[in-house]
Structures are given as structure tokens and as C-alpha cells.
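Peer 1: One structure, as C-alpha cells, below. Some questions next.
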Amino acid sequence: MGLELYKKKRNFNLTPEPEGKKKSSASKLSFVVQRHKASHLHYDFRLEMQGVLKSWAVPKGPSLNPKDKRLAMMVEDHPYDYKDFAGVIPSGYGAGIVEIWDKGTYADIENSDAKTAQKNLLAGLKAGNLKLTMFGKKLKGEFALVKLKSKEDNTWLLIKHNDEHAVDTDYNSEKETPKNSPINKWLLKNKDTARSASRPAPVKKKVS
Ligand code: MN
């Protein structure tokens, strides 16, 4: 695990993203889910492990409905400080807007102390079957991240376990996002611009 690839992809003279070093939480392990409008709108699911954030891009965002198996593409480790990053990436890799959709602490499925949890989580990561307990504002309770063996090396599924925090109705992470979030404001503004630019000049019909 390391941040070499993260650093290689970015020019820290151009991006406000943290250059970052390995760091760890004092007690509980941290997680963050960021909503990221880059070339496509997606979610980034990040779990603190061994001083970095193990990261997955989740195109549709997480779900609290256990029937949903959300595609999660593993990407490069991000620095610990990235858990607090929100803002505009003006150019280069990931250019767009990042906002924090959910954050909190997490543990292994037994909710062990941080040291034991990390040991179990690392074993799960290696085995391609990661079982988590999330303590977020939106994401609560048990989840699994399961690696698909038949696909490319980085393809996982994010699945909610059936517990008291699960829902049996449709879950859409977009609907759980405040309407006035920075990305939503940007989307609204740019939709208006696109619409007015493409709208043909009004033609008055002659009434005969
Ligand atoms: Mn992203």
C-alpha cells in the first residue's frame, strides 16, 4: 500500500487536493463517501486502513437496500487527509467538484477495537470479502464489499446486509443529497446555461 500512484496522477501545484502522508485515526477507523462530479457523476467510497484510504469508485452510490449490488471499482489509495477534502479540482485528473456525502467511523463486522478491526479488515481485503460495520450519518450497520473473481482485478460489489438499518424500498443516493449541495447548484446552473444556449430564438406565430 502506498500513495505513489495517487501522487503520480496529480500535480499539486494545480490541484487543491491534499498531497498527503500516511496517518491514522487515534481510536476508531474513519470512512468517507464523497460525491464527485468529474466527467461522470459518481461516488467514492473510502476506508481508512494502515494509514491510507482504500478507495472504490461507486458509479451509482451506496444503497441501504440489501437487494442492490452496487458496482465498486477499486482505485488507487488516497491519503488519510483526503477524508476531509471537498472542493473544486480545476484541471487534470478528476477535474470537477468533490463534496462529502457521508462520513464517520467504521469497524469490522464484530465491531472490534481499532487494532483488531484493522487486522480483520486487512485479511478481508486480501481475501476479496470485506465485512464492515458503518457508523455514518447515512450509512449505518453492516455492509460487505465482495470482489468479483471473474472480472477485472479491481471489480467489487458493495452490498448492505439485512439488519435494522436496511430498507426494503428503492434507495437512491442522489435523493439523499441536499438539493443545495455544491454539485447540485453547479448542475442546476449549467443545465440552465445549456438550455438557454441551445434554445432557438422564440418565433411569434402570426395569428390569422
Ligand atoms: Mn472520484
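The values are calculated or read from the model by the stated rules, or taken from the named source; none is laboratory data. Quick caveat: nothing in here was measured; it's all calculated off a predicted structure. All Cβ positions, glycine included, derive from the backbone under ideal geometry; neighbour counts span all protein chains shown. When the accessible area is computed, the model is the full protein with side chains, heavy atoms only, and any ligands, DNA or RNA have been set aside. Shrake-Rupley method; radii C 1.70, N 1.55, O 1.52, S 1.80 Å.
Peer 1: I'm told residue 93 meets every condition in (1) under 19 Å from the mean Cα position of the chain (by Cα); (2) at pLDDT 95 or above; (3) open to solvent by 20 Å² or more (accessible area, probe 1.4 Å) except one. Can you identify the failing condition by its number?
Peer 2: (2)
Peer 1: Can residue 146 be described as closer than 24 Å to residue 18 by Cα, part of a strand (DSSP E or B) and open to solvent by 40 Å² or more (accessible area, probe 1.4 Å)?
Peer 2: When the stated conditions are applied, residue 146 does not pass them.
Peer 1: Return yes or no: is residue 6 of a type in the set (Ser, Thr, Tyr) and more than 11 Å from the ligand (Cβ to nearest atom)?
Peer 2: yes
Peer 1: Does residue 67 meet the test of being within 12 Å of the ligand (Cβ to nearest atom), of a type in the set (Lys, Arg) and more than 17 Å from residue 182 (Cβ to Cβ)?
Peer 2: no
Peer 1: For region 18-31, check the following and say yes or no: at least one residue is buried (at least 20 other Cβ atoms within 10 Å of the Cβ), touching a residue at least 24 places away in the same chain (Cβ under 8 Å), within 12 Å of the ligand (Cβ to nearest atom) and not acidic (Asp, Glu).
Peer 2: No.
Peer 1: With (1) open to solvent by 40 Å² or more (accessible area, probe 1.4 Å); (2) touching a Ser or Thr at 6+ places or on another chain (Cβ under 6 Å); (3) closer than 14 Å to residue 46 by Cα as the list, and residue 81 as the residue in question, which single condition is left unmet?
Peer 2: The failed condition is (2).
Peer 1: Among the residues of region 70-108, write down those that are within 13 Å of the ligand (Cβ to nearest atom) and among the basic types (Lys, Arg).
Peer 2: Passing the criteria: none in range.
Peer 1: Filter region 39-49 down to residues that are open to solvent by 20 Å² or more (accessible area, probe 1.4 Å) and modelled with pLDDT of 95 or more and give me whichever is farthest from the ligand (Cβ to nearest atom).
Peer 2: Only one residue fits best here, namely 41.
Peer 1: Hey, another quick one. Quick check on region 130-138. Is at least one of its residues of a type in the set (Ser, Thr, Tyr), surrounded by 14 or more Cβ atoms within 10 Å (Cβ to Cβ) and away from the ligand (no atom under 13 Å from the Cβ)?
Peer 2: Yes, region 130-138 contains at least one residue that is of a type in the set (Ser, Thr, Tyr), surrounded by 14 or more Cβ atoms within 10 Å (Cβ to Cβ) and away from the ligand (no atom under 13 Å from the Cβ).
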